[in-house]
Amino acid sequence: MERTFPFSALVGQDLMKRALLLNVVDPTLGGVLIKGERGTAKSTGVRALADLLPHIRVVENCPFRCDPDAPDEWCPSCRERAASGEPLPVAERKVRLVNLPIGTTEDRLLGTIDIEKALKTGTKAFEPGLLADAHRGILYVDEVNLLNDQIVDLFLDAAASGRNVVEREGISFSHASRFILVGTMNPEEGDLRPQLLDRFGLSVTIEGIDAVEERVEIVKRRLEFEADPEGFRARWADADRELARRIVSARSRLHATAFTEELLRLASRIAVAMGTDGHRADIAMMKAARANAALEGRDAVTADDLHLAARLVLPHRVKKTPLEKAELDEGKLRELLQSETAHAGGDAREWVPVHQNAPKHSSKARSYKAPTECVTHLCPTAKSLAVTVPWHRILPGNHPGRRFVLPLARKSGAVHGSRLPRPEDDLTDLSLVGTLRAAAPFQASRRNGNGGANGRPIILPRDARLRKRSRKTGLSLVMIVDSSASMRTNDRMAVTKGVVDALLKDLYLRRDKLGMITFRHTGAEVLLPLTHNIRDAAAAVGALPVGGRTPLASGLDLGLRLLRQEMRKNPETVPVMLLFSDGRPNVSCFGADPVDETFHYAREIRRHGIQAIFVDTEMNPMAMGCGYEIARRMGAVYLPVDRLFRDR
């Protein structure tokens, strides 16, 4: 049996611990999202939380862990047993911590038809999924930003509604699914879409502890725990029991905890001042403030409770551009709270934002288009995407999320009925409903020839049907930027950075992966490996160095190696190389003529089937750059940089 680290023994990370406790006190908050770098006790804190919760009463042998005291939420089986007069035995069980793995499928999450029972008895039966296991427990989603967006949508819907509704494969079934939702993620690996972020009630960002004494204490406690888990847990048992008692007490007094009309107005003013969308922020702030007051043993909510609630509710809801990091303005928050304190006892003045004069835009200021806007075009007759389709014929997506739809994805993605197997397919993703439907018209003749077959269905190999699946995918784009000295002339680097900013916004919305390479002096270097974290790419672009000679062949070689590695890891991705250069290689990287080396690697890129875009930053029509010839050998779309100006 696994022994968890005691919750009370965690050093520091007070805001994370408080966010977890508030969700336990009031599960209707909608869950907590914990962002943090590696090794900051995210998973340790979540697993320790389950030990603080009291045992729950359940209907014995019920797979949905129904509450015997809440008949309105009973599953269909418990209702049928109760209606028939059968007594429902009761048992006490420990609260479950259900881990949702990254590779979870829709079937495993929601539940599906019980294949074994259907084959044996011919009746449709529901096999519960992870949302049933998590009912009245904790659903822990580690690395939530790496999950498919569709899976995230599904468990967030269940968390908000408290029910899991399944309509698929001829089954219509619903059951209660109320759980404490905890998601963790490392922002370095990409962020969640704003629509999904807003669905989490609370959010907290944690960092490693810098204080030496606290770091020493973390090491000591961890080593003591690993040497003697039982003894260590016994030393912290009293502290955990006290915390568990406070949780039970807070739950009992939660709805009796009062708040004033002034605090409600203050919460709304804070939400308006921070520029949040909708009304979720106001509601979540008041719920979190009430839960904090109950946890502290108070009968009334104070401004301090609201201050803490704002720190947990607002950071992931603050409006920022996609490439900016959302951060709560603590100064503005304190100003609002101080204003409320100063006017306590009277009518609080409505907060009015101060609008400073916006800077006048220069007539020379330009806006830019992303290169992807210029090299894709709508093709009304195209219904799907094949990886072999040339880059300029790709059908772009028309909504945020993954850019393209890949039909016939294997063992992953959304299910859209059934299909006939192809010769190269194996039968591991069998559609039970499709197979039974294909065999159904022939059952009478088959049973007559097999002595009735004892009433069981007779399935032949030709009846086999596979699930028809599709999934979304995006680009794996490696951007190679020329940062040699020639980029200083005619503001080429400034124009390039403007175009790159427009590109980054497009990649962020489409959830594409981006890698960044720069070349100058005598070689190339990777500024950013392929990642979904577009904010890091924006920071890297802002710090691009300029100077030195132009080792273009080295940049192409490094980009090719990066994309080939990604293609081996993710065969379904669409590899794209985007090159910003004036096409003037002037230094040998491998001992041959610089131009010949560049042409060689350009041909290699084409040979490996990598789609390419060449943005020629040379704006002088009389210049002697060979950008067009490089693009021709790459099989790339050739774009003079002035094609990317919005006014063109």
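The values are calculated or read from the model by the stated rules, or taken from the named source; none is laboratory data. Just so you know, these numbers come straight off a predicted model, no measurement behind them. Positions of Cβ are generated from backbone atoms using ideal geometry, with glycine treated the same way; all protein chains shown enter the neighbour counts.
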**Item:** Which listed residue is out of contact with any strand residue (DSSP E or B) (no Cβ under 8 Å at 6 or more places or on another chain) and either under 18 Å from residue 477 (Cα atoms) or part of a strand (DSSP E or B) (or both), from 601, 638
**Value:** 601
**Asked** Based on what the data block shows, is residue 575 crowded, with 24+ Cβ neighbours inside 10 Å, of a type outside the set (D, E, K, R) and touching a residue at least 12 places away in the same chain (Cβ under 8 Å)?
**Response** yes
**Message:** Let me confirm something: among 422, 410, 402, 446, which residue is part of a loop (DSSP other than H, G, I, E, B), among the basic types (Lys, Arg) and at pLDDT 65 or above?
**Reply:** 422
**Message:** Whether any residue in segment 21-31 is closer than 30 Å to residue 205 by Cα and of a type in the set (Asp, Glu) is what I want to check.
**Reply:** yes
**Prompt:** Of the numbered conditions (1) over 33 Å from the mean Cα position of the chain (by Cα); (2) buried (at least 17 other Cβ atoms within 10 Å of the Cβ), residue 239 satisfies every one except a single condition; which is it?
**Reply:** (2)
**Request:** Look through 213, 226, 230 and report the one residue that is farther than 17 Å from residue 17 by Cβ, of a type in the set (Asp, Glu) and touching a residue at least 12 places away in the same chain (Cβ under 8 Å).
**Result:** 230
**Message:** Between 561, 584, 568, which is in contact (Cβ under 8 Å) with a residue 12 or more places away in the chain, in the same structural domain as residue 630 (by TED's automatic domain parsing) and among the basic types (Lys, Arg)?
**Reply:** 584
**Item:** Given (1) more than 27 Å from the chain's Cα centre (by Cα); (2) modelled with pLDDT of 90 or more; (3) not charged (D, E, K, R), number of the condition residue 266 does not satisfy
**Value:** (2)
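One line per residue, one yes/no per condition, for (1) hydrophobic (A, V, I, L, M, F, W, C); (2) under 28 Å from the mean Cα position of the chain (by Cα); (3) modelled with pLDDT of 75 or more; (4) not assigned by TED's automatic domain parsing to the domain that holds residue 508:
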residue: 291; (1), (2), (3), (4): yes, yes, yes, yes
residue: 316; (1), (2), (3), (4): no, yes, yes, yes
residue: 320; (1), (2), (3), (4): no, yes, no, yes
residue: 324; (1), (2), (3), (4): no, yes, no, yes
residue: 327; (1), (2), (3), (4): no, yes, no, yes
residue: 331; (1), (2), (3), (4): no, no, no, yes
residue: 349; (1), (2), (3), (4): no, no, no, yes
residue: 356; (1), (2), (3), (4): no, no, no, yes
**Message:** Among the residues in segment 51-71, are any in contact (Cβ under 8 Å) with a residue 40 or more places away in the chain, among the β-branched types (Val, Ile, Thr) and part of a helix (DSSP H, G or I)?
**Reply:** no
**Fill in**
Among helices (runs of 4 or more DSSP H) entirely inside segment 246-315, those with 3 or more residues being over 14 Å from residue 333 (Cβ atoms) are 261-273, 280-295
**Residue check, residue 484 of a type outside the set (Asp, Glu), over 35 Å from the mean Cα position of the chain (by Cα), under 30 Å from residue 521 (Cβ atoms) and modelled with pLDDT of 75 or more** = yes
**Complete:** Residues of segment 82-109 being farther than 14 Å from residue 67 by Cα, modelled with pLDDT of 85 or more and in a helix (DSSP H, G or I), in sequence order, are 83, 109
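Do you know which residues across segment 565-598 are assigned to a helix (DSSP H, G or I) and under 21 Å from residue 550 (Cβ atoms)?
594, 595, 596, 597, 598
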**Message:** Which residue is modelled with the lowest pLDDT, if the candidates are limited to segment 115-145 and must be part of a loop (DSSP other than H, G, I, E, B) and under 17 Å from residue 164 (Cα atoms)?
**Reply:** 125
